[in-house]
There are 2 protein chains.
Amino acid sequence: MRNTRADVVAAALRVLAGQGLESCSMRRVAAELDVQPSALYHHVPNKQSLLALMADEIVRRVRLASTDPRALCTELRAAMLAVRDGADVVATVEAFRLGSSAVEHRLAELVGADGGRTLLLYTFGHTQSTQTHRQAAEFGALLDSEPGEGSEPGTANAGMGEQPDDLDASFARGLDIILAGLAAAPPRERILPRV
Amino acid sequence: MRNTRADVVAAALRVLAGQGLESCSMRRVAAELDVQPSALYHHVPNKQSLLALMADEIVRRVRLASTDPRALCTELRAAMLAVRDGADVVATVEAFRLGSSAVEHRLAELVGADGGRTLLLYTFGHTQSTQTHRQAAEFGALLDSEPGEGSEPGTANAGMGEQPDDLDASFARGLDIILAGLAAAPPRERILPRV
DNA sequence: ACCTGAACACCGTTCAAGT
DNA sequence: ACCTGAACACCGTTCAAGT
């Protein structure tokens, strides 16, 4: 049975979630589909386009209907964190569409153009940071427990400084600050994002 | 004449600024120094470490002495934008040190831990977005055609939607919003970033 | 329409060996 | 201490050719 473009995107997302962006090569995605690497180029012009489709799929998971900007940002964050390196992929792709991103547009409807963009880019920044930091912590945990014999638990947390997770709460507090700023000095334009 | 570690970092930054992150391979950096690729591993354990040293060098260009958080963020932004893909490199590396970054620490002294982190991660998000967007615009200016996408209507503008540069002003307005939020609801802790 | 097979010009990293 | 040369296991992309 032959593959469709949706199959390629789905396979790529499986590889991304499982092995991360570094290992998400065209060749590995092809292997995931039991197909030669060159076969992918029948469904997708290049790797960048594939990444864009993957980002779209991740973002599609957030419900844009919400009327609460805080909920919207939190959901976007969760959707990105749900996939390994999801924040990097989504943030990079969404940067291309800065004026025409669906999420930005929705946020702009709710809090104005400047507020919407500020919320969006803060969300990207914090979530990328969170994801990188967590992956580094995971990796450090592996290095600590890897050397089979000799070193038993009790070794001080080598490398990482942050507690298990202040990070979701930290994100929420930043959101509060921005929303407080918007309440304090409401924007002049309310509906359309700046083109 | 033999090279030192600083030479390697300098060469890597030259390649980054000139050809971008994609082309900043160990092999190209080695070529920049007229040396075999393997020679680099005498100065640096791997590519990641080299990128970290490059990020440090970029960040060192910002004066931490400033007492104005707005100036600090603007300078950090300028330093990252001054090097091709500088925002990506710095943001990725700084995410590792979330609790212990020098810039974050300084910002936390000025506006509290939550405000500092919010300002920093907003700055990363907006600057990465700006840089990606500008590079895409540059690229689009050369090859002006795109395989059918058609997700978001409203922008008839072929290629890029944003005007030459709202982006610096957009950044400044976001900064205003966050600082207004901090003024409206001042943080309880003033000096130390949260560990 | 969808795929194979082979090729091209690249990667990061390791390691024995030179000076 | 600093570097070479060769190797290993990878990349993205193209293209003629098959079905």
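The values are calculated or read from the model by the stated rules, or taken from the named source; none is laboratory data. Just so it is clear, the model here is predicted, and its values are computed rather than measured. Methodologically, a virtual Cβ is constructed for each residue, glycine included, from the backbone with ideal geometry; neighbour enumeration extends over all protein chains shown.
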Problem - Test: residue in the range A:97-105 that is without any contact (Cβ under 8 Å) to a residue 24 or more places away in the chain, within 24 Å of A:Asp168 (Cβ to Cβ) and surrounded by 22 or more Cβ atoms within 10 Å (Cβ to Cβ) - result: yes
Practice task
Take the residues in the range B:23-66 that are outside any helix (DSSP H, G or I) and of a type in the set (Val, Ile, Thr), then tell me which one is nearest to DNA strand D (Cβ to nearest atom).
Solution key: B:Val35
Practice task
Determine whether B:Glu94 is touching a residue at least 60 places away in the same chain (Cβ under 8 Å) and within 27 Å of B:Ala183 (Cα to Cα).
Solution key: no
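Considering only the range B:140-151, I want to know if a residue exists there that is outside any loop (DSSP other than H, G, I, E, B), surrounded by 14 or more Cβ atoms within 10 Å (Cβ to Cβ) and at pLDDT 85 or above.
No, the range B:140-151 contains no residue that is outside any loop (DSSP other than H, G, I, E, B), surrounded by 14 or more Cβ atoms within 10 Å (Cβ to Cβ) and at pLDDT 85 or above.
Considering only the range A:28-41, I want to know if a residue exists there that is within 13 Å of DNA strand C (Cβ to nearest atom), within 14 Å of chain B (Cβ to nearest Cβ) and farther than 30 Å from A:Phe139 by Cβ. Explain how you work it out, then say what you get.
The first filter runs over the range A:28-41 and keeps only residues within 13 Å of DNA strand C (Cβ to nearest atom), leaving A:29-41.
Those left that are additionally within 14 Å of chain B (Cβ to nearest Cβ): A:41.
Then drop every residue that is not farther than 30 Å from A:Phe139 by Cβ, which leaves A:41.
Yes, the conditions are met somewhere in the range A:28-41.
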Practice task
Tell me, yes or no, whether the range B:74-88 has at least one residue that is closer than 21 Å to A:Gln135 by Cα, away from DNA strand C (no atom under 16 Å from the Cβ) and assigned by TED's automatic domain parsing to the domain that holds B:Phe171.
Solution key: yes
Exercise for the section: Return a yes/no flag: does the range A:61-68 have any residue that is away from DNA strand C (no atom under 16 Å from the Cβ) and within 14 Å of another protein chain (Cβ to nearest Cβ). Expected result: yes
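Sort through B:Ala17, B:Ala55 and tell me the only one that's within 14 Å of chain A (Cβ to nearest Cβ), away from DNA strand C (no atom under 12 Å from the Cβ) and in contact (Cβ under 8 Å) with a residue 24 or more places away in the chain.
On the way: B:Ala17 fails: within 14 Å of chain A (Cβ to nearest Cβ).
Within the list B:Ala17, B:Ala55, the selection yields B:Ala55.
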Completion exercise
In the range B:1-20, anything part of a loop (DSSP other than H, G, I, E, B) and within 8 Å of DNA strand D (Cβ to nearest atom) is listed as B:Met1, B:Arg2, B:Asn3, B:Thr4
Practice task
With respect to A:Ala6, determine if the residue is loosely packed, with under 13 Cβ neighbours inside 10 Å, away from chain B (no Cβ under 14 Å) and more than 8 Å from DNA strand C (Cβ to nearest atom).
Solution key: yes
Problem - Long-range neighbours under 6 Å by Cβ, at least six apart or interchain, first residue within 13 Å of B:Ala10 (Cβ to Cβ) within the range B:29-49, second more than 12 Å from DNA strand D (Cβ to nearest atom) - result: B:Val29/B:Ala12; B:Val29/B:Val15; B:Glu32/B:Val15; B:Val44/B:Leu50
